[in-house]
Amino acid sequence: MDKTNAAPADESAWPLLPSERTWGPLRLAVTLATAAAATWCYLIGESVGGYLGFVQGALALTAGCMIGMLLVLLAAGPACIRFGIDSVASTKPQFGSSGWVVPASLQAVSIIGWNSLLIIFFAKSATQLAVALGLLQAGSVPVVLVPLLTLSACALIYLALRRGSTGVSTVSNILVAHVFVGLWMLYLLVSRRWPELLAAQPAAASTDPIWNYTTGLELGIATTLSWWPYIGAMIRMAPDARSVVLPVMLGMGIPVPLLSFIGLAGVLVLKSSDPSEWLRTVGGPTYAIVALGFVTAANFGTAIAGIYASTIGLRNFTALENKSWGALLTITLAPVAFVGVCIPELFFSKFGSFLALIGVGFAPLCGIQIVDYFVLRKRQLDVRALYLTHSGSPYYYWHGVNPAALIALLSGCICYVSLLNPLSYASIGAYRFLTASLPATLMAAMVYWAITHLVIRRAGVGGYGP
Amino acid sequence: MLNPFRVNRMPNASTRPDQVLLDSELERRIAELEASGTSEFDGWSWIWMLLLGVVLPIGLYALGWYWGPTKS
């Protein structure tokens with residue numbers, strides 16, 4: 001592949017050739033770590049800190065994040081690594097040559113939601129930073145400033161992503177420094193307030209300590225399951241599985257819980273998960289400025305990775321195959337800008353519910369992909385069939401849709417909400433021992449396996465062979 | 001500049017199998033992938049996934065349990 005063609009390859013949804021997949025383990029780890037570390041870490045930590053103390057919360061959250069990361073890697077990883085495709089394209093064997101729009105929609109909703117939140121955070125942090133630096137007066141911040149900053153952030157993301165994956169990597173190489181700033185902030189709080197941290201009691205803990213502990217684990221699993229939409233677009237840039245596993249598990253799985261400890265510690269000791277607030281208490285205004293700079297940079301880096309992944313996902317739609325990269329970026333950024341400008345406060349207040357809703361969809365999706373690839377297909381995928389949409393092609397099923405995947409997805413979602421209501425956190429007894437994401441994953445996998453075994457294979461569709 | 005990733009002709013639901021023709025650039029990519037073989041999780045990858053995705057979480061979970069989920 002010559003250099004002329006190498007640039008647009010990473011802006012298409014077509015398979016990347018080995019020669020185009022130039023990201024080594026370090027580059028991938030840096031990009032994933034930058035993408036993973038963002039303001040949501042504080043919010044995740046804050047959520048866990050409502051139920052658990054620092055040590056238990058940290059252990060449960062880390063355990064959950066690593067489990068979730070493994071599920072995501074096992075689900076999307078094989079197809080993305082083998083063929084250099086993105087997460088959405090990796091679902092075509094399971095959902096069908098048209099049915100993949102279901103996970104694509106899940107991806108779009110997830111990424112638009114997350115990135116809207118991050119852009120709002122970005123704008124708010126930048127405003128606070130301007131106030132802290134004396135550029136603005138605290139009581140007289142113009143109302144239009146946050147919307148204007150939101151639009152500016154979208155414009156910056158657009159400019160950075162004009163270079164495709166190179167833009168993502170370049171920005172990540174610069175912004176990865178914020179991960180270390182975050183660790184420094186955590187060190188400050190832990191080293192100065194350790195006795196208080198150990199003694200701190202969670203404010204919203206249930207009377208059932210096992211429920212609290214399981215909820216800490218569940219929040220970790222659900223959080224990293226939400227990386228499913230992002231991961232394919234990143235790992236497709238690495239040449240082989242060896243270059244992917246450690247960067248994903250360590251570069252993406254570890255920074256999220258580590259930086260979430262900042263929010264966990266903050267909410268337990270200082271009753272605030274926002275480091276820009278408590279760093280002022282701990283170290284004065286200079287530290288607050290550092291924290292605000294950190295938050296601003298962190299959200300920007302993550303948003304760039306998210307918009308890139310989402311834009312690649314859109315490329316799978318036939319109607320968008322021939323759109324220019326700039327037009328696709330605009331289509332992806334438009335809803336983010338709309339949310340950030342028109343309904344930022346409404347969206348901001350619903351974050352907890354949104355986080356929980358994410359786990360509902362992605363857990364079953366992972367179960368379906370894992371059982372399909374490792375059990376039913378015995379690791380055999382037809383890369384050509386991923387791009388065939390005519391009747392009779394291997395992944396056409398019926399009218400391009402595999403009903404087994406839809407039923408399994410629905411079953412997994414029902415299983416999840418039966419165990420844990422993601423909005424009210426009301427749960428049934430089994431949840432306290434099982435979590436909700438893990439049974440939902442298993443349920444979807446079992447339903448998918450059963451229907452495929454009993455119906456799909458016998459009908460001779462789906463490319464499962466004899 | 002000509003974009004080699006633009007789709008010139010893609011099959012759709014009404015296309016008969018014998019009429020299927022992928023875009024030439026896509027066809028070239030698929031042919032190269034099919035010819036060269038693809039990378040899978042190897043033993044080393046599985047060991048790390050097992051350690052970091054199963055053993056470590058179980059260890060951390062057990063440690064947290066020992067710390068006192070039934071006591072707090």
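Details
- Here's the picture: a label point sits 7 Å out from the Cα of A:S424 along the beta-carbon direction, and within the range A:200-219 nothing has its amide nitrogen under 14 Å of it.
- Proximal charge balance of A:Y387 [Cβ under 11 Å; K/R count +1, D/E count -1]: -1
- Accessible area buried at the A-B interface, both sides summed, 1.4 Å probe (Å², nearest 100): 4900
- Percent of alpha-carbon pairs separated by more than 41 Å within the protein assembly as shown: 19
- In nm, spacing of pseudo-spin labels at A:K271 and A:F433 (7 Å Cα→C-beta vector): 3.9
- About its Cα centre, the dipole of the protein assembly as shown is roughly 100 debye, where the only charges are +1 on Lys and Arg Cβ and -1 on Asp and Glu Cβ.
- Linear extension gain, A:A327 paired with A:R457, 0.36 nm per residue minus alpha-carbon span: 42.7 nm
- Counting only DSSP H runs of at least 4 residues, each contributing -39500 (n - 2.57), and dividing by the residue count of chain A, the helix-based mean residue ellipticity at 222 nm comes to -21500 deg cm²/dmol.
- Straight-distance crosslink candidates among aspartates and glutamates, where the alpha carbon sits under 20 Å from A:K124 and sequence neighbours closer than 8 are dropped: A:E46, A:D274, A:E277, A:E345
- Between B:L50 and A:I407, the simple label model (points 7 Å from Cα in the Cβ direction) yields a spacing of 3.5 nm.
- Taking only protein heavy atoms and a 1.4 Å probe, the accessible area of the protein assembly as shown is 67% carbon and sulfur.
- Note that chain A presents 33 Å² accessible area per residue, ligands and nucleic acids not counted, probe 1.4 Å.
- Our coupling estimate for the range A:187-197, obtained by passing each phi through the Karplus curve with A = 6.51, B = -1.76, C = 1.60 and θ = phi - 60°, is 4, 4, 5, 5, 5, 8, 10, 4, x, 5, 4 Hz, Gly and Pro reported as x.
The values are calculated or read from the model by the stated rules, or taken from the named source; none is laboratory data. Because the structure is a prediction, the values reported are computed rather than measured. Virtual Cβ from ideal backbone geometry, glycine too; neighbours counted across all protein chains shown. Quick note on the areas: whole protein, heavy atoms, side chains included, nothing else; ligands and nucleic acids left out. Shrake-Rupley method; radii C 1.70, N 1.55, O 1.52, S 1.80 Å.
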